[in-house]
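Read the structure below first, then the notes.
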Amino acid sequence: MAGSRQLPLPFEPQPSLGAADFLVADSNREAMAWLERWPGWPAPAVIVYGPSGCGKSHLGRMFLARTGGLPVTPTELGHQPPAALPSLLAAAAILIDNADRAIEAGYEAPLLHLYNAAREEGRTMLLTAQTPPARWQIRLADLRSRLNSCPTVAIGAPDQALIAALLVKLFADRQLAVDEAVIGFLVNRIERSFAAARDIVARIDAASLSARRRVTVPLAAEALNQVAGQE
C-alpha cells in the first residue's frame, strides 16, 4: 500500500572489525602502536582502557587475529580451576575483555595465577577495561602490584575528524550510503562520543527503514529531535 511504513526488525548489523576498518586517530594511536609492537612487550600484559564503544573490542579482535590468541571472558576465568589455568596458555596470547569486571566479580586469584603463568611461559595478555587498573578495587597486593607495573594505555575522547569517520563507518556497516552533508550536520550537533554516534546512526537507520526514506539532513534532524525529546 502507498504510504505504508515498514516495521524495522530488531537485529543489529554485524560491525566490520578487521584491521582495515580500525580508524586510527590521536585518541587511539598509542593503543594501536602497542598492538603493532607485539610480541616485543616489556611485560606479560598490556592494559587498554576507555569508555564503552571507543574501539577496545575492535582492537581486541585485531590482537587475536595478529597473535592467534585466545579470548577469555571474566566469567570463564573465574570458573577455571587453578590447575586448569595454565592450559589457557596453549595459545601465544590471551585477550581478557572487560578485565575490570573480573575484579568486581572477585576473580582476583585466577587472574593473578594466569598472569604469573603467562610470565613464566613467555606468553602475553591484552586486558581491556573502562578505567585504569589504579582505579580498580584490587584486594590482592601481588595482583595490584603486577597490574600497576604493566603498560597502561588510554583510548581518549574522539576528536571531530574521528567522529566523522566513525559515522561513515557505522552507516557503511548498515549498508547505508550517506552524503557528506549528513555527516557534517551530525558531527556539529551530536555529543562527541562513540556511544552518541552509535545511537544516532541506529535511530536514523530505523527511521529510514520505517518511513522508506533516504538518509537526508531532514531525516537526521528528525532523529536528533527525537533524542532531544528524550533527554
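The values are calculated or read from the model by the stated rules, or taken from the named source; none is laboratory data. Because the structure is a prediction, the values reported are computed rather than measured. Methodologically, a virtual Cβ is constructed for each residue, glycine included, from the backbone with ideal geometry; neighbour enumeration extends over all protein chains shown.
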Restricted to region 1-40, and to residues that are modelled with pLDDT of 85 or more and buried (at least 17 other Cβ atoms within 10 Å of the Cβ), which residue is farthest from residue 175 (Cα to Cα)? 34
Name, by its number, the condition in (1) without any contact (Cβ under 8 Å) to a residue 40 or more places away in the chain; (2) buried (at least 19 other Cβ atoms within 10 Å of the Cβ) that does not hold for residue 144. (2)
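Taking the stated definitions as given, is residue 117 touching a Pro at 6+ places or on another chain (Cβ under 6 Å) and assigned by TED's automatic domain parsing to the domain that holds residue 41? Quick ask: steps written out before the conclusion?
Details: touching a Pro at 6+ places or on another chain (Cβ under 6 Å): yes; assigned by TED's automatic domain parsing to the domain that holds residue 41: yes.
So residue 117 passes the test.
Just to be sure, is residue 182 touching a Ser or Thr at 6+ places or on another chain (Cβ under 7 Å) and over 22 Å from residue 32 (Cα atoms)? Break it down stepwise before answering.
Numbers: touching a Ser or Thr at 6+ places or on another chain (Cβ under 7 Å): yes; over 22 Å from residue 32 (Cα atoms): yes.
Considered against the rule, which asks whether it is touching a Ser or Thr at 6+ places or on another chain (Cβ under 7 Å) and over 22 Å from residue 32 (Cα atoms), residue 182 comes out as yes.
So which residues in region 186-196 are more than 21 Å from residue 155 (Cβ to Cβ) and surrounded by fewer than 18 Cβ atoms within 10 Å (Cβ to Cβ)? Break it down stepwise before answering.
At the first step, the residues of region 186-196 found to be more than 21 Å from residue 155 (Cβ to Cβ) are 186, 188-189.
Across region 186-196, the qualifying residues are 188, 189.
Being at pLDDT below 95 and out of contact with any helix residue (DSSP H, G or I) (no Cβ under 9 Å at 6 or more places or on another chain) narrows it down to one of 52, 57, so name that one. Don't jump to the end; show me each part of the working.
Numbers: 52 fails: out of contact with any helix residue (DSSP H, G or I) (no Cβ under 9 Å at 6 or more places or on another chain).
Answer to the selection: 57.
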Say we look at region 55-112 and pick out the residues that are farther than 22 Å from residue 144 by Cβ and touching a residue at least 60 places away in the same chain (Cβ under 8 Å); which of these is surrounded by the fewest Cβ atoms within 10 Å (Cβ to Cβ)? 57
